[in-house]
Each structure stands twice: as structure tokens, then as C-alpha cells.
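Encoded as C-alpha cells, the structure appears first; notes follow it.
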């Protein structure tokens, strides 16, 4: 008799008085967990749901491919700019680095003057498909340009500027133009500082000369007012200046010498500043060095990037489907039992 058959045990006092009472005999055969029709093993469950897992992966990959097709992959080009450390120590260049190595060049790259130059030079309203007459057109172009340019300080006085653009040549040309405009902006700032210094010395010389002239005129007026009085009290037969007049004359001579010395010193300083300004205008000593010019981005392949992205999404979707199936195989019965108990209650 099989282990799951119902066995009959005689009951009662006589042989003719029998009652059949079913007894269930527990089978001694081992029970394999999750290996029947209701609870198959994990490989069988995954094999049964393979079509749904693959279908989900295909749909997800197709959606990703459509999104990637309408999302252009930008090209990148970078330049590395070094500051002239000899000029960097001068206070008028405006290139003094901070403690963490960052420079004012980082702010000049994204300044309004730089953006205005790039917008005009590359006709970015047309490049970004923005109607120049529309409301907030300039703000939209500036915001796009700000997202397209990234700056980073390397900490050793070098600044890296990276341009992202959908056009490979535009990214390269814009990065190189940023350096040329940076050079112009820094040189113009240095020239303005030198011109302001010369103008300041000219004002100091003019003010000093006026002050000395006023003092000299006051002394001359005092000498002229004292001279007639001294002539009246002078001894007979003398016609020269007396002691007071001679003292005033000595003071005037001393003042004249001081005026000459002061004017010579100020003139020397002024000539030095003018010579430095003239030399800078003629020679235009570079305050920036282009350590690395921007090149065409030949490594970025939009189609390859799209294919790799779609393949990655497909693989991740299949992996998540397999993991979800394994989790359901382990805890699915408990979840079903929980909801069945909840419905009964």
C-alpha cells in the first residue's frame, strides 16, 4: 500500500462489527523544497519567465535608444593656461593666486565681458537656435554658454578650461578663442593699471608744484613788504638789503633748491612709469602662457556611446529581472500567504 493511501483499522467487539476509521500515515519519503508544480526550483522559474525578462529588457532598451537618439552627445576640447609668475607678483596685474591655487582667471573666463565677446565672435544666437529678438534671448544664450564652459584650477598656477559643444570644431575654436581673449583682457587690465599709475604721479607732481609755488609766492610777498622798511632804517650810504632781507633771501634760495630736488625726483619716477608703460605697449610681455592648445575631439563617438548605453541598459534590466525572480522564489509564498490571511481576516 502506498504511503498516502487510507488504511482501515478494525474497530468494535466482534468480527462482524467493524468500522472503518481512516488513518493517515505520514510518509517517510524526503520532501524536496520548491520542486513541485506549485513551487518549482529557481532555474525552472527563471526559465519559465525568460520571455518576460527579455521582453522587459527589449522595451527598456528601445526606449533608451530613442532617448539617446534625440539627445546629442557633446564634444569636448580643453586648454591649459599658465600664469607668468614674474608678472604675477606685481600688484597691478590682478593675477595673484589665492592660497588654494585658484586664480582670478577662473572668474574672467565666465565674466560678462568674455561672454559678450564669444556671443559676438561666434554668432551664438544662430548657433544655439535662439531668436535674438525674443524675450530673454541674451539670458538664454548666456545660460547655455555657462553650461558649456567648465573651469578647474590644478593648484600649481595652471587653469584648465573645457568647452562642451555639439559641434566638434566649435568646441575647439571656442576654447582657443577663450585663451586669446583672456590674454587681451589681462593685458588691457595691466595697461589700465599702468596708465592710472602715471596719471596719479602726474597729479602728485602738479599738486606738489602748486603747493611749492604758493609757498614761494608768500615768501616773495613777505620779502617785498619787508624790503622798504629795511631800506628806511638802513645806514646812510648803503643801498643793499639788511639782515632780515638777507635771511628771507636765504630761505627763498633754500626753498628753490628743495623745489628743484622734489621736481627732479617726481620727474624721474614719472619717466620710469611712462617708460614701463611704453615698453609694455611695444613688447607686450605675455602674462599668460598657453601650456596646451585645444584640439579636435576625435575620441568621442556619438553612435558608439549610444550603443554602449543601450547595451548597458539591456544587461541591467536582465539582471534586475533575474534578481526579482530569485527574490520572488524565496519569499513569494510568504507574501501570498500574508495577503491570503489578510483577506480571510
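Residues in region 293-322 that are surrounded by fewer than 15 Cβ atoms within 10 Å (Cβ to Cβ) and at pLDDT 85 or above: 293, 295, 296, 307, 308, 311, 312, 315, 316, 319, 320. In region 280-290, the qualifying residues are those that are outside any loop (DSSP other than H, G, I, E, B) and surrounded by 13 or more Cβ atoms within 10 Å (Cβ to Cβ), and the one that is modelled with the lowest pLDDT is 280. Taken together, 166, 160 contain a single residue that is modelled with pLDDT under 95 and under 19 Å from residue 71 (Cα atoms), which is 166.
Among the helices (runs of 4 or more DSSP H) confined wholly to region 27-115, which include 3 or more residues that are modelled with pLDDT of 50 or more and either surrounded by 14 or more Cβ atoms within 10 Å (Cβ to Cβ) or not assigned by TED's automatic domain parsing to the domain that holds residue 312 (or both)? Ranges flagged: 42-48, 50-69, 105-109.
The values are calculated or read from the model by the stated rules, or taken from the named source; none is laboratory data. Quick caveat, the model's predicted, so the values are computed rather than measured. Note that we place each Cβ from the backbone using ideal geometry, even for glycine, and neighbour counts take in every protein chain shown.
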